[in-house]
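The values are calculated or read from the model by the stated rules, or taken from the named source; none is laboratory data. Fair warning: this is a prediction, and the values are worked out from it, not measured in the lab. Cβ atoms come from the backbone with ideal geometry, glycine included; neighbour counts cover every protein chain shown.
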């Protein structure tokens, strides 16, 4: 899952996800998949016997269990894919590291240097909302030391402005129609918008 | 914020709504928008430097009166682009447009007001969406 030494270093430095945690998440996901496969097999077996006279309720119960197991496996796989650092986050982090080197007045006016606190916050936020198939955001420095994360792709405009860890706002709109959404940090809403612009 | 601007940087009605306000855009603040296929400035390019230090712009009318090219405000800033918004758009977003000539740049003015929040779109977002390029970003971008 982790491909380069740099990615591992970023993970360890941020304390974002340990190797053990990562392994446990995937084992859990695999267990759910196995549970689903077993339920499916049992259902198919009994369905075959049903023709030769097994009660209908038993097959119905098994079918229901199979569906539940499938839902669980799907959920835990989605969660696991969200938990391991996606590629887009890595390239965003590389960009943020560059931004940390901007000198005062970098915009030719009176811009301040970008702060580590804002970069750390942005990194953690991206780790929580991005999936493996989410494109990397444009990482834009802000004049008062903040960071803005922007996606303008797949018909979605999404901007997250991190003025400071305590002052974060976002703007989102579907360019094909609908009212734009603008407000303070809302993880649930952000995750939905990020899902829409992921593959 | 509004009262601060009215007190310290009051709007100058002699600047017509159609007047162009020019803003230098650093290379970190433009990008290709995949939705429109165009290179455009980020909304982060239209923010105040500080609460008491409103966004700087250059008045195209003053540059024209002095028979100077708009590009003159980019002197010494390689790789930068130059975008324009209208004074009318700034006022529509509850901003004041105040001339603030500097010894080194007579066309200097400031746009004062809250740029982060708005009823439908914040001022910084509206500026980024409606800005026109006077000097486009370098071709290599």
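A compact table of results
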read-out	value
Extreme residue, modelled with the lowest pLDDT, among residues of the range A:100-123 that are in contact with a helix residue (DSSP H, G or I) (Cβ under 7 Å, 6 or more places away or on another chain) and in a helix (DSSP H, G or I)	A:123
Flag if residue A:150 is within 11 Å of chain B (Cβ to nearest Cβ), touching a strand residue (DSSP E or B) at 6+ places or on another chain (Cβ under 9 Å), surrounded by fewer than 19 Cβ atoms within 10 Å (Cβ to Cβ) and at negative phi	no
Lone qualifier among B:16, B:81 - being farther than 20 Å from residue B:105 by Cα and touching a residue at least 40 places away in the same chain (Cβ under 8 Å)	B:16
Hits in the range B:18-42 (condition: facing chain A (nearest Cβ under 9 Å) and closer than 18 Å to residue A:135 by Cβ)	B:31, B:32, B:33, B:34, B:35, B:36, B:40, B:42
Unique match (being free of Cβ contacts under 8 Å to residues at least 24 places away in the same chain and either within 11 Å of chain A (Cβ to nearest Cβ) or exposed (fewer than 15 other Cβ atoms within 10 Å of the Cβ) (or both)) among B:65, B:45	B:65
Qualifying residues in the range B:33-42 (those that are in a strand (DSSP E or B) and in contact (Cβ under 8 Å) with a residue 40 or more places away in the chain) - the one surrounded by the fewest Cβ atoms within 10 Å (Cβ to Cβ)	B:39
